[in-house]
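> Below is a structure I'd like to ask you about.
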Amino acid sequence: QVQLVESGGGLVQAGGSLRLSCAASGLTFSIYAMGWFRQAPGKEREFVATINWNGGSTYYADSVKGRFTISRDNAKNTVYLQMNGLSPEDTAVYYCARGRAHTVGAATKDYEYDYWGQGTQVTVSS
């Protein structure tokens, strides 16, 4: 079966840090862009960050730029999201996803991804 499994979420105080991981299995990983999205209660899913197939290019939402870092280890079939300087506004379920083949440029929309993980909860207390 194809799976993207997120881990590393939890409860953290404002100003703290978390590192999310997303492990892929049963699907091709190393030639695809990967992305992170998040969804807070009552709000639409929003783009967070994306990274190209070899890790040479990254792109971030304005809301997280300078605080979050996306990276990948193709040998481990894993993509990461390092989150620093967290605030309560970052509280959400975080999802990783695989970009569709042949996407040009940074993919920032839901429909530009074809496989999704189940999500991991990140809660930031004030």
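The values are calculated or read from the model by the stated rules, or taken from the named source; none is laboratory data. Predicted model, so just to flag it, every value in this text is computed and none were measured. Note: ideal-geometry Cβ built from the backbone for every residue, glycine included; neighbour counts use all protein chains shown. We work out accessible area using only protein heavy atoms, side chains counted, and drop any ligands, DNA or RNA first. Shrake-Rupley method; radii C 1.70, N 1.55, O 1.52, S 1.80 Å.
> Given the condition without any contact (Cβ under 8 Å) to a residue 12 or more places away in the chain, farther than 19 Å from residue 125 by Cβ and out of contact with any Cys (no Cβ under 7 Å at 6 or more places or on another chain), answer yes or no: does some residue in segment 4-17 qualify? Steps first, please.
Let us first name the residues in segment 4-17 that are without any contact (Cβ under 8 Å) to a residue 12 or more places away in the chain, namely none.
So far as segment 4-17 goes, no, none of its residues is without any contact (Cβ under 8 Å) to a residue 12 or more places away in the chain, farther than 19 Å from residue 125 by Cβ and out of contact with any Cys (no Cβ under 7 Å at 6 or more places or on another chain).
> Here is a further query. Filter segment 50-72 down to residues that are open to solvent by 30 Å² or more (accessible area, probe 1.4 Å) and closer than 18 Å to residue 116 by Cα and give me whichever is farthest from the chain's Cα centre (by Cα).
53
> Could you tell me how many of the residues in segment 1-42 are assigned to a strand (DSSP E or B) and of a type in the set (Ser, Thr, Tyr)? Break it down into steps so the answer makes sense when it comes.
Narrowing segment 1-42 to residues assigned to a strand (DSSP E or B): 3-7, 10-13, 18-25, 34-39.
Now restrict to residues that are of a type in the set (Ser, Thr, Tyr): 7, 21, 25.
Summing the residues that are assigned to a strand (DSSP E or B) and of a type in the set (Ser, Thr, Tyr) in segment 1-42 gives 3.
> Within the set of pairs 6 or more residues apart or between chains, which connect a residue that is over 16 Å from residue 120 (Cα atoms) inside segment 21-40 to a residue that is in a strand (DSSP E or B) and acidic (Asp, Glu) with Cβ atoms less than 7 Å apart?
none
> Can you tell me which residue in segment 22-42 is farthest from residue 62 (Cα to Cα), limited to those that are open to solvent by 20 Å² or more (accessible area, probe 1.4 Å) and touching a Ser or Thr at 6+ places or on another chain (Cβ under 8 Å)? Lay out the reasoning, then the answer.
Going residue by residue through segment 22-42, those that are open to solvent by 20 Å² or more (accessible area, probe 1.4 Å) are 23, 25-28, 30-33, 39-42.
Checking the rest, the ones that are also touching a Ser or Thr at 6+ places or on another chain (Cβ under 8 Å) come to 23, 33, 40.
Details: 23: 26, 33: 19, 40: 17 Å.
It comes out as 23.
> For residues in segment 96-113 being outside any loop (DSSP other than H, G, I, E, B) and open to solvent by less than 50 Å² (accessible area, probe 1.4 Å), which is farthest from residue 79 (Cα to Cα)?
Start the filter on segment 96-113 by keeping residues that are outside any loop (DSSP other than H, G, I, E, B), which leaves 96-99, 110-113.
Checking the rest, the ones that are also open to solvent by less than 50 Å² (accessible area, probe 1.4 Å) come to 96-99, 112-113.
Values: 96: 8, 97: 10, 98: 10, 99: 12, 112: 17, 113: 15 Å.
Here the residue is 112.
> Here are some conditions: (1) under 22 Å from residue 111 (Cα atoms); (2) loosely packed, with under 15 Cβ neighbours inside 10 Å; (3) among the basic types (Lys, Arg). Residue 19 meets all but one. Which one does it not meet?
(1)
> Quick check on segment 82-95: of everything there that is farther than 19 Å from residue 23 by Cα and of a type in the set (S, T, N, Q), which residue is most open to solvent (accessible area, probe 1.4 Å)?
As a first pass, look at segment 82-95 and keep what is farther than 19 Å from residue 23 by Cα: 84-92.
From what's left, of a type in the set (S, T, N, Q): 84, 87, 91.
Details: 84: 64, 87: 35, 91: 36 Å².
Among those that are farther than 19 Å from residue 23 by Cα and of a type in the set (S, T, N, Q), it is 84.
> Please go through (1) open to solvent by less than 50 Å² (accessible area, probe 1.4 Å); (2) within 11 Å of residue 33 (Cβ to Cβ) for residue 117 and return the number of the only condition it doesn't satisfy.
Of everything listed in (1) open to solvent by less than 50 Å² (accessible area, probe 1.4 Å); (2) within 11 Å of residue 33 (Cβ to Cβ), residue 117 misses just condition (2).
> Let me ask something else about it. Tell me the residue from 124, 79 that is open to solvent by less than 70 Å² (accessible area, probe 1.4 Å), in contact with a Leu (Cβ under 7 Å, 6 or more places away or on another chain) and not in a loop (DSSP other than H, G, I, E, B), please. Walk me through it before giving the result.
Numbers: 79 fails: in contact with a Leu (Cβ under 7 Å, 6 or more places away or on another chain).
None of the others qualify; the one that does is 124.
> Among the residues of segment 102-114, is there at least one that is modelled with pLDDT of 95 or more and under 14 Å from residue 9 (Cα atoms)?
No: zero hits.
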